[in-house]
Every structure is written in structure tokens, then in C-alpha cells.
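The values are calculated or read from the model by the stated rules, or taken from the named source; none is laboratory data. Worth saying up front: this structure is predicted, and the values here are computed from it rather than measured. Because the Cβ atoms are built from the backbone with ideal geometry, glycine has one as well, and the counts that use them run over all protein chains shown. All accessible areas refer to the heavy atoms of the entire protein, side chains included, with ligands and DNA or RNA removed. Shrake-Rupley method; radii C 1.70, N 1.55, O 1.52, S 1.80 Å.
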Amino acid sequence: MGMIKHYFMPNEYVQSIFQIDIEKLAASGVKGIITDLDNTLVGWDVANPTEAVKQWFEQAKEAGITVTIVSNNNKQRVGSFSESLKVDYIFRAKKPRGRAFNQASKLMNLKPSEIVVIGDQMLTDVFGGNRRGLFTIMVVPVKQTDGFITKFNRLIERRLLQHFRKKGYITWEEN
């Protein structure tokens, strides 16, 4: 069972991106963030960054952290959202496959030890990041509704979370 834990357990679990201490990340040597878009930064049906999201990106920039948005969504969705924040992005990323994570690392010109992955899905963001040895932070989805494939992933996710809780792997509090 160690293998499953190794791949699917996030290093950290928080309510939202706003609970992530950017200063602490920077102080620990983090220079890059690979973040998911839909239901991580905003609800999947919200077209543009909110004021709070804009401030969060600003804060990361001020702390010397480069953020790249890596999403399985299409170019139009990911492009218009990312361009308004003036950050690099990778669309149709096919997470959890590795290409997009490697591409993002190259774009930022950073080593795996300097990058954290943030996302709301265990089967794409966490699994994809963990497989590459990146530090993973899982957030609670911004919105409770999902597309068909995501709905299926969440079912598996819930089972994995129950398993980790039973095993005593999970130390965080469910809010």
C-alpha cells in the first residue's frame, strides 16, 4: 500500500490557495509554482481571475516565485485567464502524464526541488506532481460541481482519502 500513498497523498492539504503561506514557501527555497486552474484558482465556470486571485499572483511575484498555470482545459479557456495575469500557461496538459510538468519546469528553468504543484484533484495534480518528485499541495475544490470525468475521479479520490485516514496517514483536519 506504500506505493499508493507515495503517489496519491499530497504533501499538504489546505482549504484554498489563500491558506498557502507564500512567504514561507519562498523562505524554504521554492522558486516556482505549477498550479491547476479550474476549481483550484476559481470555479470551473468563472472566466476571469477574481481580485483575490490577482493579489495572490502579485504576492507570489513579489516573493520571487514564478507561477505557471497547467490545465487540462482548452487553449481559449486557459489562455485568456493566464494572459490577464501575465503568466505562462500550458493547456490540454493531459495531467497526470509527465510532459506538461516537465515543460513547466523547463519554462521556469527550475529544478524539481524548487517547485510546488497546487491543484484540487488527487488523480491529476497530486499524482502527476508526486510522480515527478515535486512537493504537492491539494486544495478543496472551489466549486462542488464538476464535469463527467472529474466526477468519476472524485469518487476514487474519496475512497483514497478514507483509506489514508483509516491508516492514520492523514494528520490534517477536515474543515
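Working carefully through the options ARG92, ARG158, ARG97, ARG132, find the one that is out of contact with any strand residue (DSSP E or B) (no Cβ under 7 Å at 6 or more places or on another chain), open to solvent by 20 Å² or more (accessible area, probe 1.4 Å), more than 22 Å from ILE20 (Cβ to Cβ) and touching a residue at least 24 places away in the same chain (Cβ under 8 Å).
When all the criteria are applied, what remains is ARG97.
Residue-wise test of (1) among the acidic types (Asp, Glu); (2) at pLDDT below 95; (3) more than 15 Å from the chain's Cα centre (by Cα).
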| residue | (1), (2), (3) |
| --- | --- |
| PHE101 | no, no, no |
| ALA104 | no, no, no |
| MET108 | no, no, yes |
| ILE115 | no, no, no |
| GLN121 | no, yes, no |
| ASP125 | yes, no, no |
| ARG131 | no, yes, no |
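Could you grab the pairs with beta carbons closer than 6 Å, sequence gap of 6+ or different chains, first residue in segment 43-58 and open to solvent by less than 90 Å² (accessible area, probe 1.4 Å), second one of a type in the set (Lys, Arg)?
Pairs that qualify, where the first residue is open to solvent by less than 90 Å² (accessible area, probe 1.4 Å) and the partner is of a type in the set (Lys, Arg), are GLY43/LYS143.
Hey, ASN39 hits all of (1) polar (S, T, N, Q); (2) crowded, with 19+ Cβ neighbours inside 10 Å; (3) modelled with pLDDT of 95 or more but one; which does it fall short on?
(3)
Take the conditions surrounded by fewer than 23 Cβ atoms within 10 Å (Cβ to Cβ) and either among the hydroxyl-bearing types (Ser, Thr, Tyr) or over 11 Å from GLY32 (Cβ atoms) (or both) and apply them to LEU123. Does it pass?
The answer is yes for LEU123.
Of the residues TRP44, TRP56, only one is modelled with pLDDT of 95 or more, within 15 Å of the chain's Cα centre (by Cα) and among the aromatic types (Phe, Trp, Tyr); which?
TRP56
Among the residues of segment 1-26, which ones are open to solvent by 90 Å² or more (accessible area, probe 1.4 Å) and more than 14 Å from the chain's Cα centre (by Cα)?
Listed by number, the residues that qualify are MET1, MET3, HIS6, GLU23, LYS24.
Mind checking which residues of segment 1-37 are of a type outside the set (S, T, N, Q), under 20 Å from VAL142 (Cβ atoms) and in contact (Cβ under 8 Å) with a residue 40 or more places away in the chain?
PRO10, GLU12, TYR13, VAL14, ILE17, ILE20, ILE22, ILE33, ILE34, ASP36, LEU37
Could you count how many residues in segment 102-120 are buried (at least 24 other Cβ atoms within 10 Å of the Cβ) and in contact with a Lys or Arg (Cβ under 6 Å, 6 or more places away or on another chain)?
0
Just a yes or no: is a residue in segment 17-29 under 22 Å from ASN102 (Cα atoms) and in contact with a strand residue (DSSP E or B) (Cβ under 6 Å, 6 or more places away or on another chain)?
Among the residues of segment 17-29, not one is under 22 Å from ASN102 (Cα atoms) and in contact with a strand residue (DSSP E or B) (Cβ under 6 Å, 6 or more places away or on another chain), which makes the answer no.
Please work out which residue is surrounded by the fewest Cβ atoms within 10 Å (Cβ to Cβ), limiting yourself to segment 59-87 and to residues that are out of contact with any Asp or Glu (no Cβ under 9 Å at 6 or more places or on another chain) and farther than 19 Å from TRP44 by Cα.
So, considering only residues that are out of contact with any Asp or Glu (no Cβ under 9 Å at 6 or more places or on another chain) and farther than 19 Å from TRP44 by Cα, the one surrounded by the fewest Cβ atoms within 10 Å (Cβ to Cβ) is LYS86.
How many residues does segment 142-163 hold that are modelled with pLDDT under 80 and either aromatic (Phe, Trp, Tyr) or assigned to a helix (DSSP H, G or I) (or both)?
Qualifying residue count for the region: 7.
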